[in-house]
1. So Glu22 passes all but one of these: (1) outside any helix (DSSP H, G or I); (2) charged (D, E, K, R); (3) within 18 Å of the chain's Cα centre (by Cα). Which condition number does it fail?
2. Name every residue in the range 33-60 that is assigned to a loop (DSSP other than H, G, I, E, B) and in contact with a Leu (Cβ under 9 Å, 6 or more places away or on another chain), in order of residue number.
3. Name, by its number, the condition in (1) exposed (fewer than 15 other Cβ atoms within 10 Å of the Cβ); (2) modelled with pLDDT under 80 that does not hold for Glu71.
4. Check the range 112-130 and report whether any residue there is at pLDDT below 75 and of a type in the set (D, E, K, R).
5. How many residues does the range 41-60 hold that are closer than 20 Å to Lys129 by Cα and not β-branched (Val, Ile, Thr)?
6. I'd like the full set of residues that are under 19 Å from Lys129 (Cα atoms) and assigned to a strand (DSSP E or B), limited to the range 61-87.
7. Does any residue in the range 11-30 that is within 11 Å of Leu125 (Cα to Cα) come within less than 8 Å, Cβ to Cβ, of a residue that is surrounded by fewer than 21 Cβ atoms within 10 Å (Cβ to Cβ) and of a type in the set (D, E, K, R) six or more places away or on a different chain, and which pairs are these?
Amino acid sequence: MIITSKSDYGLRAALYLATRGERVRLREISQSQHIPESVCSHIMRKLVAADIVDSVAGPAGGYILARAPGEIAVASVLAAADRDICVFRCVEDGCKCDLDGKCAFQVVLKGFGAGIAQYLEKLSLADLKDQPEKLPEFDLPAMASGKAS
């Protein structure tokens, strides 16, 4: 699965804000989540641009979630921090494989990738914050057929 370091950092930073529930300075986010401060700053700007996080400048400034944690999908945080979720490069738009469109396994990979993306869309920051041990199971057949609950 292609979830980059930046997407991972973005999710960790957003989840930290969800857990804290108050304005937090960049340095605290960076140090507590083991994210290099320059990278954290870049990612936080992306989360602000995506309306996931609000930024307040000044001595009492910092970052806070723009919406309630239950209203922020994990998939949107991952995508905002780096890119849209792509499970396998060969099914990504612009794939330059000689077998593109002729590979039977590519159909399987597309279905699997769509199922993962759908699952991450359903998960919110609140799910990760409040009930990480009770997350819904990933059910690919139900996801692929559109029967997910």
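1. (3)
2. Of everything in the range 33-60, just one residue is assigned to a loop (DSSP other than H, G, I, E, B) and in contact with a Leu (Cβ under 9 Å, 6 or more places away or on another chain), namely Ile52.
3. Among (1) exposed (fewer than 15 other Cβ atoms within 10 Å of the Cβ); (2) modelled with pLDDT under 80, Glu71 violates only (2).
4. There is no residue in the range 112-130 that is at pLDDT below 75 and of a type in the set (D, E, K, R).
5. Total meeting the criteria: 4.
6. Across the range 61-87, the qualifying residues are Tyr63, Ile64, Leu65, Ala73.
7. Correct list of pairs: Leu15/Lys129; Ala18/Lys129; Thr19/Lys129.
The values are calculated or read from the model by the stated rules, or taken from the named source; none is laboratory data. None of these values were measured; they are calculated from a predicted model. Reconstructed Cβ throughout: ideal geometry from the backbone, glycine too, with neighbour counts over all protein chains shown.
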